[in-house]
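Input: a single structure, listed below in structure tokens.
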Amino acid sequence: MYLTKEEERIYDGELGWAYQVSMKILVKLGDLYGARRLIPIENAHISGVSYKTIGDASIEFLKALVDSNGKVRVKATINPSGIDYRYAAFAHLPRELVEKQKEVINLYRRMGVNATLTCTPYYLETPKSGAHLAWAESSAVIYTNSILNAWTNREGGPSALASALIGKTPDYGLHQPENRRASILVRVEAELKNEADYGALGMYLGGILGDKIPLLKGLPEAEEFFLKQMGAAMATSGMVSMFHLDGNRESSADITEEITVEDRDLRRVQEELSTSSFDKPDLIFIGCPHCSLHEIKLIAELIKGKKVRDDIQLWICTSKFIRMKAESYVNIIEKAGGRVICDTCAVVTWLRELGIETLMTNSAKTAHYAPLLNGVNVSFLPLKECIKVACQKIF
Ligand code: F3S
């Protein structure tokens, strides 16, 4: 890969270890994928923040970067952590976890990262169409490529952090227009009624597509958060980082294959995602990926005047920025007995330590990961059903 004089100096360590190791990560990636050069990025979004998922080795790496004066050169945001420090229930977690999680967030802050602690950074600041980014967090990557038309590869936590420190990313993959064309046509004949159906569609497609870019035909007019659910699920069961919707972008398609999705395909996925059925989950979790203002408004409308059962917890997860904007809706939800939680989610926190054994969610991504990462049983239902269960009367 070609490096400018300044990039070579960084590579040789003239600016210190933090920048040298970052440059080495980017050059290695670039060489692996055949990039010819580095290109400037507008911002980076970094995953690898929850102490539950990263562990002690990553803390040592972050400390070493801070000790050698690593500072980000572009705006950088971070994914959710394992704890909402404002919510008393998390204080019951073992002290060591609480302290280690604080340390991780602090290390990112010391590098100049904005501790947004959300997986939907695009709700805080929408990237410009055509902007080059270096984002980790697969659900945000597919959203920004497909819905916002900002350009990013699916970075890992270390490569997104390295890009933030250098301010550049290797020019390959989805940074090049010829790699952003659809190669497979998906005819959707299944009936899609809500966000859980879209999530099931995403989960089904991810399993078939691998890393191919689909052009979807036959989708009904969908709410933005339905598409968010579909993309997050596609990036969970597969390596899909972009999709095209039928319409304005068909001319960019380079189709060589075609598949059809029917009702029975989605029903099968929905059955597989529910590891058990139960009348009363310990926790109902909405907000994977983190909720938008519109979703919180919708939930407030659904729950207004009702009461969440005492034996069920209802978590609505979002960023602290959206929570602030949604104050009146938050009041309605909390008055009903739900909790609007920030900086974390049910997947990246320690659910079992919080006494949760059974989970209900409208997110296909969470339904996939929660049994694997948290050892809980899951049932997967649309938002309206989840709220109905949360507030059902006990006779
Ligand atoms: Fe976000 Fe947690 Fe889902 S980080 S995408 S809410 S698993």
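Observations on the model:
- Here's the list of aspartates and glutamates a cross-link from Lys24 could span, going by alpha-carbon distance under 19 Å and ignoring same-chain residues fewer than 8 apart: Glu6, Glu7, Glu8, Asp12, Glu14, Glu60, Asp67, Glu155, Asp171.
- At the residue level, His132 shows approximately 50 square angstrom of accessible surface with a 1.4 angstrom probe and all protein chains present.
- FRET efficiency, 1/(1 + (r/R0)^6) with R0 56 Å, evaluated for Glu6 and Asp263 via beta carbons: 0.50
- What the Kirkwood sum gives for region 192-308 is a hydrodynamic radius of 15.9 Å, with every pair of different alpha carbons counted.
- Antiparallel %, DSSP beta bridges [both residues in the chain], to 5: 10
- Projected area averaged over orientations for region 290-395, convex hull of C-alpha atoms, nm²: 6.5
- When the square roots of the Cα gyration tensor eigenvalues are ordered a ≥ b ≥ c, the ratio a/c for region 190-253 is 1.5 or more and a/b does not exceed b/c, which makes its shape oblate.
- Rg ratio for the chain: its Cα radius of gyration over 2.2 N^0.38 Å, N being its residue count, equals 0.99.
- The chain, helix-only ellipticity at 222 nm - DSSP H runs n ≥ 4, -39,500 (n - 2.57), divided by all residues, nearest 500: -12500 deg cm²/dmol
- Over region 78-177 - Rg/Rh using Cα atoms and the Kirkwood inverse-distance radius: 1.04
- Restraint check, Lys28/Lys365; Lys297/Lys320; Lys71/Lys320, Cα-Cα greater than 21 Å: Lys28/Lys365; Lys71/Lys320
- As a rough guide to protection, the peptides 179-186, 70-77 ranked by mean Cβ packing within 10 Å, highest first, stand as 70-77, 179-186.
- Two-decimal Rg/Rh across region 1-49, once Rg and the Kirkwood Rh are taken from alpha-carbon atoms: 0.98
- Look at the Cα gyration tensor of region 248-321: its axes a ≥ b ≥ c give a/c of at least 1.5 with a/b at or below b/c, and that counts as oblate.
- Area of His294 that stays accessible when all protein chains are in place (1.4 Å probe, Å², to 10): 80
- Relative contact order for region 26-155, counting Cα pairs under 8 Å that sit 6 or more residues apart, in percent: 28
- Contact order relative to length of region 271-380, as percent, for alpha carbon pairs under 8 angstrom and 6 or more apart: 37
The values are calculated or read from the model by the stated rules, or taken from the named source; none is laboratory data. Note that this is a predicted model, so its numbers are computed, not measured. No Cβ is skipped: glycine too gets one built from the backbone with ideal geometry, and neighbour counts run over all protein chains shown. Heavy atoms of the whole protein, side chains included, go into the accessibility calculation; ligands, DNA and RNA do not. Shrake-Rupley method; radii C 1.70, N 1.55, O 1.52, S 1.80 Å.
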